[in-house]
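The values are calculated or read from the model by the stated rules, or taken from the named source; none is laboratory data. None of these values were measured; they are calculated from a predicted model. All Cβ positions, glycine included, derive from the backbone under ideal geometry; neighbour counts span all protein chains shown. We work out accessible area using only protein heavy atoms, side chains counted, and drop any ligands, DNA or RNA first. Shrake-Rupley method; radii C 1.70, N 1.55, O 1.52, S 1.80 Å.
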Amino acid sequence: MRNILRLGKRGIIMLHFATIPTWKRVGFGLLLSTALVTPAQAQDATTPPVDPATQPAAAGSPTDEDVIVVTATKRSENLQDVPIAITALSTKTLDDLQVDGFDDYAKLVPSLSFKSSGPGSSNVYFRSVASGENANHSASLPSVGTYLDEQPITTIQGALDLHIFDIARVEALAGPQGTLYGASSQAGTVRIITNKPDLNGTYGAVNLEVNSVAHGDFGYTGEGFVNLPIATNVAARVVGWYRKDAGYIDNVAGELVFPTSGIAFNNDRLVEDDYNDVTTYGARAALRIDLDDNWTITPQIMAQSQVSNGSFAEESGLGDLETMQFNPEKYDDKWWQASLTVQGKIANLDVTYAGSYMKRQIDGEFDYSDYAYFYDAIYGYGAYFYDNNDNLVNPNQYVQSDDAFTKQSHELRFTTPSDKRIRLVAGLFYQRQTHRIIQNYIVDDIADSITVPTTESNIWLTDQKRVDRDYAAFGELAFDITPQLTVTGGGRLYKFDNTLIGFFGFANPGYSSNPIYNCTDFGPPNFGGPCNNVDKRTKGDGFVHRLNLTWKPNEDLLFYGTWSRGFRPGGINRRGSLPPYLPDFISNYEAGAKISFGNGSHFNVAAYQLNWSDIQLSFLGANGLTEIRNAGDARIRGLEADLFLRLAPGLTWSTGASYNDAKLLNDFCQFANSDNDCTIPGPDDRDEDLDPEVNSVLAPSGTRLPLSAKLKGSSRIRYEWDASSTIRAHVQALVTYEGARRRDLRLVENGLYGNLKAYSLVDLSAGIDKGPWSLDLFAKNLFDVRGQVSKGIQCPELVCGDVDNQTASGGKVYTTVTRPRTIGLRVGRKF
């Protein structure tokens, strides 16, 4: 029995794409004409760095037009002076492209890939560092960290789905960032930097938007902010938003007849058009308090509620944008975060403390009728579901989940002056995150004897608490060998301590020697379950490094080489017969160049090889339980770049793409061993009198890693001009491309889904600015492409995929697709 957060019928999710018609390939030719890239979708930086905290974002600040300042290295620096592959999306770029959330900016970062089954469920990957993880609550931590300002917001199962408004910039740092950002930045880091309170004046902005989704309904957005100086040394900034995303998936009528009992039921009460709508609202409030010329404190609180209904996936065997759900589906995601940043000076040292506390609560209900039907069709499971009178009941199954997260983090950092020949960044870091998991798998009216104790009608219960703790000391030291040549060395000493305790299983204590059923070997419950049948802990420590050599012969040229290492902590397999899984590591060998041109144009390029060792691979094992194994090694060779050109007054062109060749270096075996030799038999954990189990090759050496395309890119052209003495007009076109990719690392499972096809999207917009007013008309996914974002099967693949033993067309495949063509009108007012 599998545990699910948010997946429901969409099951294990992965990326998959649609065929590209010829006319769309022409659009992508624009990408190929300039090279392979990861774009800095923003204007270039040619003036000296400025403190981003002092820059008002929406009041026409010249920073948006002329300079991109990033803080990726824990210092404020011109984007073109940072020897890291960074995509930086400025306030202006985010506004120009009508970026509202993660999906919007993710397609603009070619080195980034992701899987998602809907809002609030995205898992992020950089540079093809993905093994097909199913994102189960007891599986690996994310390999990409997400930060809100100085504070991490990556929870155990992924990052928050934050509405993007009044954001200074989004920074996407590709490659291991293990020294400065730690465990969940093994492959890269995404940083969302908010606009800070400004002492220089009172101003604000309001936007109103209405949009229409093809084959769906209408949506709308209202958002606004105000910046207000309260005293000469105190300022406040308050931001609010309310967004309604229209549905476009239809839940169509149908009937299920369970083969064993002949019991039938329908979904008439749930039939609805456009039933996957989303409502998001939230607010952010921050203070800036200058205690004196040297010390500033910035407390901030942010909260958001996001309620999504229905399924975001098409169901195989039905029509376009149709599914057939037999139980209610809803995802209610609420969170808040309080943070505090203190910045000051001690002697000539800059001192920063960044702390935060976050709570996230997700309540979900999901259809699980596929699981019930196919297990009944293949194994006759319907015969085991009966009431207290021994009469068979409807084996229809659904899930009600209650997932509660907390996260606190603390970082104390010291930085020496940036104008010195020797420069140091050093600090201490602590993080503790918890996940209380309650998942009720319910079959109505079953007998007391097969009901999990402490529940009303559960056939299965998961009631566990997971705690992940991280400790670190880190530092980077830069030394200017000459005014043009700099060497940087950094490291991070880390320690992790992770625990999992609670119950998971069916009702029958002692029914099997398998610990998932056995309540006799463990103590009384810590929570609401009948007992504890899992109580595990794993610890570890280590060191990762970064070495960099940078040569800057003049203000317009920068060349660098980097050897860096990233890590992900080990963790716990809850099945008692499996050991904990070990940390996995990435060694990155990278060379890059940043070339600036006199008019603000630039060309940046990076080539790299990633050696990924002891890959943490999660998949569904026996009983549909997630298992995590260290699957051996992989190698990723890639190239990424971005080109930004000012072609003429008001005319700009930015293009980016990335290429990644990611392959296994050894066979992945059904039963792992240190030699990665699939001829070595597996263990026998059933009975000591039986022979060891026969091993097999699940994926041979040379298999391409899943989820990430070899080629991804985007290209944008924008023209701005003075339509009159008071009106500034603009038009813009954006083309994004996602290449083909595997759905699963393993051969058999990937064959059930098929390889995921490529797709491209075209966005257009036009608008005017007249004084404080702005008006934009836009079309996203202009040609209404059904790009496949993820794919899944609800029950274990080898059950649902056993077509020979199934009726009709076999297991149902659910494909999450890109939002259909959306045409919208946005009106804004600055004051």
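Annotations for the structure displayed:
- Residues in segment 222-266 that are closer than 30 Å to Asp370 by Cβ and assigned to a strand (DSSP E or B): 10 in all.
- For Glu365, the conditions (1) open to solvent by 40 Å² or more (accessible area, probe 1.4 Å); (2) closer than 25 Å to Glu223 by Cα all hold with the exception of (2).
- Test: residue in segment 337-359 that is among the charged types (D, E, K, R) and open to solvent by less than 10 Å² (accessible area, probe 1.4 Å): no
- Residue in segment 258-288 that is least open to solvent (accessible area, probe 1.4 Å), counting only those that are aliphatic (A, V, I, L, M) and within 30 Å of Ala231 (Cβ to Cβ): Ala286
- Pick from segment 200-226, criterion within 30 Å of Glu314 (Cα to Cα) and acidic (Asp, Glu), ranking: most open to solvent (accessible area, probe 1.4 Å): Asp217
- Residue that is modelled with the lowest pLDDT [pool: residues in segment 778-798 that are polar (S, T, N, Q) and assigned to a strand (DSSP E or B)]: Ser790
- Strands (runs of 3 or more DSSP E) wholly inside segment 568-622 that include at least 2 residues being modelled with pLDDT of 95 or more and not hydroxyl-bearing (Ser, Thr, Tyr): 584-596, 602-613
- Among the residues of segment 89-134, those identified as closer than 25 Å to Thr71 by Cα, part of a loop (DSSP other than H, G, I, E, B) and charged (D, E, K, R) are Asp100, Lys107, Arg127.
- Screening Arg469, Arg492 for residues that are more than 27 Å from Glu329 (Cβ to Cβ), modelled with pLDDT of 90 or more and in contact with a Lys or Arg (Cβ under 7 Å, 6 or more places away or on another chain) leaves exactly one candidate, Arg469.
Residue by residue, here is whether (1) part of a loop (DSSP other than H, G, I, E, B); (2) of a type outside the set (Ser, Thr, Tyr); (3) within 18 Å of Ala130 (Cβ to Cβ) holds:
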residue	(1), (2), (3)
Leu707	yes, yes, yes
Gly713	no, yes, no
Arg716	no, yes, no
Trp721	no, yes, no
Ser725	yes, no, no
Ala729	no, yes, no
Gly751	no, yes, no
Ser765	no, no, no
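- Within segment 544-587, tally of residues that are open to solvent by less than 30 Å² (accessible area, probe 1.4 Å) and either touching a helix residue (DSSP H, G or I) at 6+ places or on another chain (Cβ under 6 Å) or closer than 30 Å to Gln464 by Cβ (or both): 16
- Just so you know, in segment 385-422 the residues that are open to solvent by 10 Å² or more (accessible area, probe 1.4 Å) and of a type in the set (Phe, Trp, Tyr) include one that is nearest to Ser356 (Cα to Cα), and it is Phe414.
- Matching residues in segment 748-768 - criterion: being surrounded by 15 or more Cβ atoms within 10 Å (Cβ to Cβ), farther than 17 Å from Thr736 by Cα and in contact with a Leu (Cβ under 8 Å, 6 or more places away or on another chain): Glu749, Ala766, Gly767, Ile768
- Hey, Arg191 open to solvent by 10 Å² or more (accessible area, probe 1.4 Å), at pLDDT 90 or above and in a strand (DSSP E or B) or not: no
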